[in-house]
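K.L.:
One structure, pasted below without further comment.
The values are calculated or read from the model by the stated rules, or taken from the named source; none is laboratory data. Small disclaimer: the values here were computed from a predicted structure and weren't measured. Virtual Cβ from ideal backbone geometry, glycine too; neighbours counted across all protein chains shown. Only protein heavy atoms, including side chains, enter the accessible area calculation; ligands, DNA and RNA are left aside. Shrake-Rupley method; radii C 1.70, N 1.55, O 1.52, S 1.80 Å.
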Amino acid sequence: MLYKNILKKYILKVFDLKEEELHKTLLLQLNIFLIITTLLIVKPTINSLFLSELTSDALPLGYVLTALTAIIGSYFYDKILEIKPLNRVIECTIKGSVISLIIFGIALTFNLAGGYILYIPYIWVAIFGLLTASQFWILANLVYNVREAKRVFGFIGAGAIAGGIFGGYLTSILTTFLKTEILFFVAAFLL
């Protein structure tokens, strides 16, 4: 208990946080840590699967399809936000992402997704990174006013940096003893 209080006082002092902000700030930091960790597990995983199967010749089409999907998806996303509250949309995005990662993991593990079907998870991962990070920062902007945001966003952003570092190293370590397809299940668990 004593160490917990000392650590709490240290964090409050060093990062210029107020005691009433600490809980929500740590939760947001954990949230972005897990999102970026997940992204840095699935992005290199799908890139390696995509390139090993379809080669770099398939990348231009992948980029175009990703852009078209983002344009069409943003239209429908905007329409959904008009009728649903943001917190509900974020919750559905995370749940849908977990389900998608599990489906991709199953499909890739049992060789049900090969060839041109790999465009689907490739595009999905690109949209996932864009969508979840955007949703997170929109949420963070709603949680804090401008003055609070100036103080705490650096601390929260450190969670994103730590997630990037952790996700990259975790992926490197896990690929030494797990099949690449299994990383989708690890990502789903983390998310």
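K.L.:
Between residues in the stretch 1-17 that are without any contact (Cβ under 8 Å) to a residue 60 or more places away in the chain and of a type in the set (Lys, Arg) and residues that are in a helix (DSSP H, G or I) and surrounded by fewer than 10 Cβ atoms within 10 Å (Cβ to Cβ), which pairs lie under 9 Å by C-beta distance while being six or more apart or on different chains?
P.N.:
Pairs found: LYS8/GLU19.
K.L.:
A follow-up question, please. Residue under question is LEU34, and the condition is that it be modelled with pLDDT under 95, of a type in the set (A, V, I, L, M, F, W, C) and open to solvent by less than 60 Å² (accessible area, probe 1.4 Å); does it hold?
P.N.:
On the way: modelled with pLDDT under 95: no; of a type in the set (A, V, I, L, M, F, W, C): yes; open to solvent by less than 60 Å² (accessible area, probe 1.4 Å): yes.
For LEU34, the condition - modelled with pLDDT under 95, of a type in the set (A, V, I, L, M, F, W, C) and open to solvent by less than 60 Å² (accessible area, probe 1.4 Å) - is not met.
K.L.:
Select from the stretch 36-89 the residues that are of a type in the set (Lys, Arg) and under 18 Å from the mean Cα position of the chain (by Cα) and list them in ascending order. Break it down into steps so the answer makes sense when it comes.
P.N.:
Start the filter on the stretch 36-89 by keeping residues that are of a type in the set (Lys, Arg), which leaves 43, 79, 84, 88.
Within the stretch 36-89, LYS43, ARG88 qualify.
K.L.:
Does LEU190 satisfy the condition of being over 20 Å from the mean Cα position of the chain (by Cα), more than 13 Å from PRO44 (Cα to Cα) and open to solvent by less than 80 Å² (accessible area, probe 1.4 Å)? Break it down stepwise before answering.
P.N.:
Numbers: over 20 Å from the mean Cα position of the chain (by Cα): no; more than 13 Å from PRO44 (Cα to Cα): yes; open to solvent by less than 80 Å² (accessible area, probe 1.4 Å): yes.
So LEU190 fails the test.
K.L.:
When you go through ILE99, ILE123 one by one, which is the residue that is exposed (fewer than 14 other Cβ atoms within 10 Å of the Cβ) and modelled with pLDDT of 90 or more? Break it down stepwise before answering.
P.N.:
Values: ILE123 fails: exposed (fewer than 14 other Cβ atoms within 10 Å of the Cβ).
Just a single option satisfies the conditions, and that option is ILE99.
K.L.:
Of the conditions (1) closer than 27 Å to ILE71 by Cβ; (2) outside any helix (DSSP H, G or I), ILE117 satisfies every one except a single condition; which number is it?
P.N.:
Checking ILE117 against (1) closer than 27 Å to ILE71 by Cβ; (2) outside any helix (DSSP H, G or I), the one that fails is (2).
K.L.:
Let me ask you something else. Is one or more of the residues making up the stretch 54-77 part of a helix (DSSP H, G or I) and under 29 Å from GLU148 (Cα atoms)? Give the steps one after another, and end with the answer.
P.N.:
Quick first cut of the stretch 54-77, residues part of a helix (DSSP H, G or I) only: 54, 56-77.
Retained after the next criterion (residues that are under 29 Å from GLU148 (Cα atoms)): 77.
Looking for residues that are part of a helix (DSSP H, G or I) and under 29 Å from GLU148 (Cα atoms), one finds at least one in the stretch 54-77, hence yes.
K.L.:
Looking at ASN145, ASN87, ASN111, ASN141 in this structure, which one is of a type outside the set (A, V, I, L, M, F, W, C) and at positive phi? Walk me through how you get there before you give the answer.
P.N.:
Working: ASN145 fails: at positive phi; ASN87 fails: at positive phi; ASN141 fails: at positive phi.
Going through ASN145, ASN87, ASN111, ASN141 in turn, the sole match is ASN111.
K.L.:
Another question, then. Do we have GLY164 as surrounded by 14 or more Cβ atoms within 10 Å (Cβ to Cβ) and in contact with a helix residue (DSSP H, G or I) (Cβ under 9 Å, 6 or more places away or on another chain) here?
P.N.:
Details: surrounded by 14 or more Cβ atoms within 10 Å (Cβ to Cβ): yes; in contact with a helix residue (DSSP H, G or I) (Cβ under 9 Å, 6 or more places away or on another chain): yes.
It is true that GLY164 is surrounded by 14 or more Cβ atoms within 10 Å (Cβ to Cβ) and in contact with a helix residue (DSSP H, G or I) (Cβ under 9 Å, 6 or more places away or on another chain).
K.L.:
Could you grab the pairs with beta carbons closer than 9 Å, sequence gap of 6+ or different chains, first residue in the stretch 134-161 and open to solvent by 50 Å² or more (accessible area, probe 1.4 Å), second one acidic (Asp, Glu) and part of a helix (DSSP H, G or I)?
P.N.:
ARG151/GLU21
K.L.:
Could you list, in sequence order, the residues of the stretch 103-119 that are surrounded by fewer than 17 Cβ atoms within 10 Å (Cβ to Cβ) and without any contact (Cβ under 8 Å) to a residue 60 or more places away in the chain? Spell out the reasoning first.
P.N.:
At the first step, the residues of the stretch 103-119 found to be surrounded by fewer than 17 Cβ atoms within 10 Å (Cβ to Cβ) are 106, 109-112, 114-117.
The answer is ILE106, PHE110, ASN111, LEU112, ILE117.
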